[in-house]
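*Asks:* The structure follows.
The values are calculated or read from the model by the stated rules, or taken from the named source; none is laboratory data. Bear in mind that the values here come from a model prediction, so they are computed numbers and not experimental data. Backbone-built Cβ (ideal geometry, glycine too); neighbour counts: all protein chains shown. Please note that ligands, DNA and RNA were not included when accessible areas were found on the heavy atoms of the full protein model with its side chains. Shrake-Rupley method; radii C 1.70, N 1.55, O 1.52, S 1.80 Å.
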Number of protein chains: 2
Amino acid sequence: MLSNPVTRQSLHPWCHACPLRRKRAFHPKTDAEIAFTAEFKTDHRRIAAGQEIIYPGQADAELFTLFAGWAFRYKVMQDGRRQILNFLLPGDLIGLQASLLAVAQHGVEALTDVEVCVFPRRKIWDAFVRMPQLAYEMAWLGSREENLTDENLLSVGQRSATERIASLVISLYRRAETLDLVTDRSFDFPLSQQQLADALGLSLVHTNKTWAKLRRAGLFTFGNGRLTLENPRLTERIAAYFERDLVERPIL
Amino acid sequence: MLSNPVTRQSLHPWCHACPLRRKRAFHPKTDAEIAFTAEFKTDHRRIAAGQEIIYPGQADAELFTLFAGWAFRYKVMQDGRRQILNFLLPGDLIGLQASLLAVAQHGVEALTDVEVCVFPRRKIWDAFVRMPQLAYEMAWLGSREENLTDENLLSVGQRSATERIASLVISLYRRAETLDLVTDRSFDFPLSQQQLADALGLSLVHTNKTWAKLRRAGLFTFGNGRLTLENPRLTERIAAYFERDLVERPIL
DNA sequence: CGTGTTCTTGATGCCTTTCAAAAAGGGTGG
DNA sequence: CCACCCTTTTTGAAAGGCATCAAGAACACG
């Protein structure tokens with residue numbers, strides 16, 4: 001947490017030269033689409049780690065594209081139990097569900113300091129009318145997110161603690177890879193163990209012990225918020241159990 | 001399983017007089033929308049209980065509206081473990097994710113004998129171009145389904161076996177209610193205990209014991225595939241812990 | 001260098017799984 | 001209508017994975 005409750009800083013939209021869109025993770029866009037997107041986008045904000053991007057129950061959530069940093073979607077119960085639904089990496093859409101359903105059924109929190117592109121919700125309908133290609137891509141990204149959540153539900157419902165941690169690490173590794181965030185098999189891994197636990201449906205203590213066990217087993221090393229996969233062979237063997245994420249995707 | 005591997009029977013589309021659309025669960029539609037939908041719809045099929053509506057990995061899955069009966073989405077692991085992601089009731093869209101992502105990342109199985117309206121996937125794009133209202137409603141239904149899955153993930157990740165069963169029963173009850181499927185606090189409940197277990201991320205044995213415990217506690221009775229909520233007060237107290245499903249929704 | 005947060009580790013208990021097998025239903029053919 | 005077979009539901013017993021409780025160590029920050 002920062003002392004400043006809401007740290008926001010507005011920057012200029014500049015979609016035409018968007019460096020993120022160039023990553024191999026994303027489809028190329030037509031000039032018309034880029035022009036529409038640039039017009040659609042009204043702001044570019046920084047949000048500090050730990051701040052809420054969308055809070056549960058929010059009725060006027062905007063639509064965002066995560067431009068830099070990590071975030072996560074979550075649900076909380078009134079007694080405080082929390083489930084992290086999925087993690088969001090650069091290029092991911094934030095708040096589509098909240099925008100369409102009119103009231104957010106979940107929260108979204110910045111996991112690291114974050115930059116987001118802001119698209120006002122009232123212009124979403126415009127996109128459906130004037131730029132169906134973009135509307136289609138929004139729906140596509142919504143389906144992809146659902147699939148990520150499906151995958152997590154499979155993990156939490158069927159896999160052991162060890163399997164859950166391994167599959168989460170590997171799937172995040174792969175996602176980071178498509179964004180050129182991996183160097184020498186290592187990448188920034190900003191999750192606290194409490195957040196890991198909340199994502200995996202495990203207690204903090206047991207998460208810690210299992211995490212340590214996997215490190216001792218030589219699957220990965222972790223230090224300074226950076227995770228390195230140490231055993232490609234082992235990793236591949238484990239990873240064979242999970243589906244690979246879709247290759248290329250649209251970006252707003 | 002039936003002896004006949006695929007039991008299908010084609011009937012005429014007749015969207016204008018669609019009896020399902022009249023249910024209070026659904027938004028009214030404009031004449032233009034209904035006309036488009038009627039044109040969009042190319043078939044009306046019956047599928048027998050236990051048959052797959054979409055199989056995992058399918059590349060040419062169509063889009064469906066579940067017209068009658070129950071179904072469920074699921075994922076399987078190669079070693080056979082299965083997670084049911086969410087249940088589908090009449091009016092729910094089937095195969096949006098599979099259509100958009102081009103290859104189905106999950107399966108959909110008919111839980112009871114089922115009737116579906118068939119919308120060919122190649123015409124989905126037409127809808128985005130020619131009938132943005134319909135496209136918007138598809139996206140809306142996709143988001144709603146994601147929310148259902150989110151809710152299940154919360155359950156499986158955070159709730160005890162007892163809580164999971166109670167919340168599933170109550171949420172299905174409520175969904176059935178909006179479709180006028182509830183009479184005198186009772187409704188058809190076609191899940192086997194194995195399916196319950198797969199949806200809840202529990203073993204069959206423990207599901208059975210917990211299920212029996214809740215019956216003995218007087219929450220509900222069950223017989224002949226019909227479930228009756230017996231203790232409104234208790235039910236409400238438990239149900240307060242869960243969010244209510246959205247009130248009114250679109251239908252294709 | 002003190003203080004609050006995050007990470008570790010040990011010990012205990014129980015919720016849930018696994019193993020095994022009997023009981024209850026459902027459907028089919030004689 | 002009953003015998004027979006297969007699926008689903010129940011029950012009992014034992015083992016184990018994960019949660020909970022407690023507290024010390026390692027970090028991060030002002």
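*Asks:* Looking at A:Asp184, A:Asp198 in this structure, which one is surrounded by fewer than 19 Cβ atoms within 10 Å (Cβ to Cβ) and acidic (Asp, Glu)?
*Replies:* Every option except A:Asp184 fails the conditions.
*Asks:* Return yes or no: is A:Thr149 among the hydroxyl-bearing types (Ser, Thr, Tyr), in contact (Cβ under 8 Å) with a residue 12 or more places away in the chain and more than 10 Å from chain B (Cβ to nearest Cβ)?
*Replies:* no
*Asks:* Please specify each residue of the range B:197-212 satisfying the condition of being over 21 Å from the mean Cα position of the chain (by Cα), free of Cβ contacts under 8 Å to residues at least 40 places away in the same chain, assigned to a helix (DSSP H, G or I) and more than 8 Å from DNA strand D (Cβ to nearest atom).
*Replies:* none
*Asks:* Residue check: is B:Arg226 more than 14 Å from every other protein chain (Cβ to nearest Cβ) and of a type in the set (D, E, K, R)?
*Replies:* Considered against the rule, which asks whether it is more than 14 Å from every other protein chain (Cβ to nearest Cβ) and of a type in the set (D, E, K, R), B:Arg226 comes out as yes.
*Asks:* Exactly one condition in (1) within 12 Å of DNA strand C (Cβ to nearest atom); (2) touching a residue at least 24 places away in the same chain (Cβ under 8 Å); (3) in a helix (DSSP H, G or I); (4) not hydrophobic (A, V, I, L, M, F, W, C) is false for A:Gly142; which is it?
*Replies:* If we test A:Gly142 against (1) within 12 Å of DNA strand C (Cβ to nearest atom); (2) touching a residue at least 24 places away in the same chain (Cβ under 8 Å); (3) in a helix (DSSP H, G or I); (4) not hydrophobic (A, V, I, L, M, F, W, C), just (1) comes out false.
*Asks:* Taking B:Gly157 and the conditions (1) touching a residue at least 24 places away in the same chain (Cβ under 8 Å); (2) within 16 Å of DNA strand D (Cβ to nearest atom); (3) out of contact with any Lys or Arg (no Cβ under 8 Å at 6 or more places or on another chain); (4) part of a helix (DSSP H, G or I), which numbered condition does it fall short on, given that it satisfies the others?
*Replies:* In the conditions (1) touching a residue at least 24 places away in the same chain (Cβ under 8 Å); (2) within 16 Å of DNA strand D (Cβ to nearest atom); (3) out of contact with any Lys or Arg (no Cβ under 8 Å at 6 or more places or on another chain); (4) part of a helix (DSSP H, G or I), B:Gly157 misses (1) alone.
*Asks:* A further question on this structure: It is to be established whether one or more residues within the range A:13-35 are of a type in the set (S, T, N, Q) and either at pLDDT 95 or above or part of a strand (DSSP E or B) (or both).
*Replies:* no
*Asks:* All but one of (1) within 16 Å of DNA strand D (Cβ to nearest atom); (2) among the aliphatic types (A, V, I, L, M); (3) outside any helix (DSSP H, G or I) hold for B:Val169, so report the exception by its number.
*Replies:* With (1) within 16 Å of DNA strand D (Cβ to nearest atom); (2) among the aliphatic types (A, V, I, L, M); (3) outside any helix (DSSP H, G or I) applied to B:Val169, the lone miss is (3).
*Asks:* Still on this structure, please answer the following. Scan (1) facing chain B (nearest Cβ under 10 Å); (2) surrounded by fewer than 21 Cβ atoms within 10 Å (Cβ to Cβ) for the single condition A:Pro120 breaks and write down its number.
*Replies:* The one condition A:Pro120 does not meet is (1).
*Asks:* Tally up the residues in the range B:152-181 that are open to solvent by 30 Å² or more (accessible area, probe 1.4 Å) and away from chain A (no Cβ under 14 Å), please.
*Replies:* Number of matching residues: 6.
*Asks:* Give just the number: which of (1) within 14 Å of chain B (Cβ to nearest Cβ); (2) under 16 Å from the mean Cα position of the chain (by Cα) does A:Phe189 not satisfy?
*Replies:* Result: A:Phe189 passes all but (1).
*Asks:* Additional query: Could you please let me know if A:Arg226 is more than 19 Å from A:Tyr74 (Cα to Cα) and within 12 Å of DNA strand D (Cβ to nearest atom)?
*Replies:* Here the answer is yes, as A:Arg226 does meet what is asked.
*Asks:* For A:Val103, state whether it is open to solvent by 60 Å² or more (accessible area, probe 1.4 Å), over 19 Å from the mean Cα position of the chain (by Cα) and modelled with pLDDT under 95.
*Replies:* So A:Val103 fails the test.
*Asks:* Another question, then. Mind telling me which of the residues A:Leu96, A:Leu85, A:Leu89 ends up being open to solvent by less than 10 Å² (accessible area, probe 1.4 Å) and either facing chain B (nearest Cβ under 9 Å) or in contact with a Cys (Cβ under 6 Å, 6 or more places away or on another chain) (or both)?
*Replies:* A:Leu85
*Asks:* Kindly indicate whether A:Arg130 is open to solvent by 40 Å² or more (accessible area, probe 1.4 Å), at the interface with chain B (Cβ under 10 Å from one of its Cβ atoms) and out of contact with any Ser or Thr (no Cβ under 8 Å at 6 or more places or on another chain).
*Replies:* Yes.
*Asks:* Taking the stated definitions as given, is B:Arg130 over 23 Å from B:Thr228 (Cβ atoms), out of contact with any strand residue (DSSP E or B) (no Cβ under 6 Å at 6 or more places or on another chain), among the basic types (Lys, Arg) and away from DNA strand D (no atom under 16 Å from the Cβ)?
*Replies:* Yes: the conditions hold for B:Arg130.
*Asks:* Can you name the residue in the range B:59-73 that is surrounded by fewer than 22 Cβ atoms within 10 Å (Cβ to Cβ) and within 14 Å of chain A (Cβ to nearest Cβ) and, of all such residues, is nearest to A:Gln158 (Cα to Cα)?
*Replies:* B:Phe72
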